[in-house]
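Student: One structure is given below, represented as structure tokens, and several questions about it will come after.
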Amino acid sequence: MDNDNEIAGDPLAIPHLLPPAPEHPSTVAQFAALATALAGDRECWAPLVRYDAVSRWYHRLRTGPGYEVWLLSWVPGQGSGRHDHGDSNGLYTVLAGALTEHAAGRGSRVLTPGSLRIFAPGYVHEVVNASLDPAVSLHVYFPGLTEMRMYARSHAEPAPRDVLTC
């Protein structure tokens, strides 16, 4: 016997009834999910990695409306220098090896694969490969990175901004 309360057909087969799928991330959680997904897709990034003994190597891996994703490699001893990312929010994760972050007013922290750091505009930090092995990291900036202000170690540092560690 037919149930009078059933809907005829599959409602998922009617596209206009489905919520639109987001084409690009727009929230911090979505950017974190993007970074985590890319980190897990080793075939996407591993063949691109190069190591440069003179300076950090970097490659823009992806761009979208209002964001960009960068892949960086670090040989032992290489560092970013103390900097901020201007008006960009950002996050980064370590894909291989270990990196040490020295954050203004917050001390130091060793980041290993799976670590995720999220930061607001004006967040001052320095990232260094203090280990004996090369490291690879993935960085997402939103909006895209337009400036990276460098700070001398003696520079009076601004008050710490909020940062999240996952």
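Student: Please enumerate the residues belonging to the stretch 113-148 that are modelled with pLDDT of 95 or more and surrounded by fewer than 13 Cβ atoms within 10 Å (Cβ to Cβ).
Tutor: 132, 133
Student: Let me ask you something else. Any residue at all in the stretch 84-92 that's under 16 Å from residue 113 (Cα atoms), touching a strand residue (DSSP E or B) at 6+ places or on another chain (Cβ under 8 Å) and either outside any strand (DSSP E or B) or small (Gly, Ala, Ser) (or both)?
Tutor: No: the stretch 84-92 contains no residue that is under 16 Å from residue 113 (Cα atoms), touching a strand residue (DSSP E or B) at 6+ places or on another chain (Cβ under 8 Å) and either outside any strand (DSSP E or B) or small (Gly, Ala, Ser) (or both).
Student: Which residue, of 110, 94, is of a type in the set (A, V, I, L, M) and either surrounded by fewer than 17 Cβ atoms within 10 Å (Cβ to Cβ) or free of Cβ contacts under 8 Å to residues at least 12 places away in the same chain (or both)?
Tutor: 110
Student: Can you name every residue in the stretch 95-112 that is modelled with pLDDT under 95 and either on the phi > 0 side of the Ramachandran plot or touching a strand residue (DSSP E or B) at 6+ places or on another chain (Cβ under 6 Å) (or both)?
Tutor: 103, 105, 107
Student: Could you list all residues from the stretch 51-69 that are of a type in the set (D, E, K, R), open to solvent by less than 80 Å² (accessible area, probe 1.4 Å) and either without any contact (Cβ under 8 Å) to a residue 12 or more places away in the chain or under 25 Å from residue 27 (Cβ atoms) (or both)? So that I can check it myself, show each step before the final result.
Tutor: From the stretch 51-69, those of a type in the set (D, E, K, R) are 52, 56, 60, 62, 68; that's our starting set.
Checking the rest, the ones that are also open to solvent by less than 80 Å² (accessible area, probe 1.4 Å) come to 52, 56, 68.
If the condition is that a residue be of a type in the set (D, E, K, R), open to solvent by less than 80 Å² (accessible area, probe 1.4 Å) and either without any contact (Cβ under 8 Å) to a residue 12 or more places away in the chain or under 25 Å from residue 27 (Cβ atoms) (or both), then 68 is the only one that fits.
The values are calculated or read from the model by the stated rules, or taken from the named source; none is laboratory data. Since the structure is predicted, the reported quantities are computational estimates derived from the model, not experimental observations. Note that each Cβ is placed from the backbone with ideal geometry, even for glycine, and that neighbours are counted across all protein chains shown. Accessible surface is based on the protein model in full, side chains and every heavy atom, while ligands, DNA and RNA are left aside. Shrake-Rupley method; radii C 1.70, N 1.55, O 1.52, S 1.80 Å.
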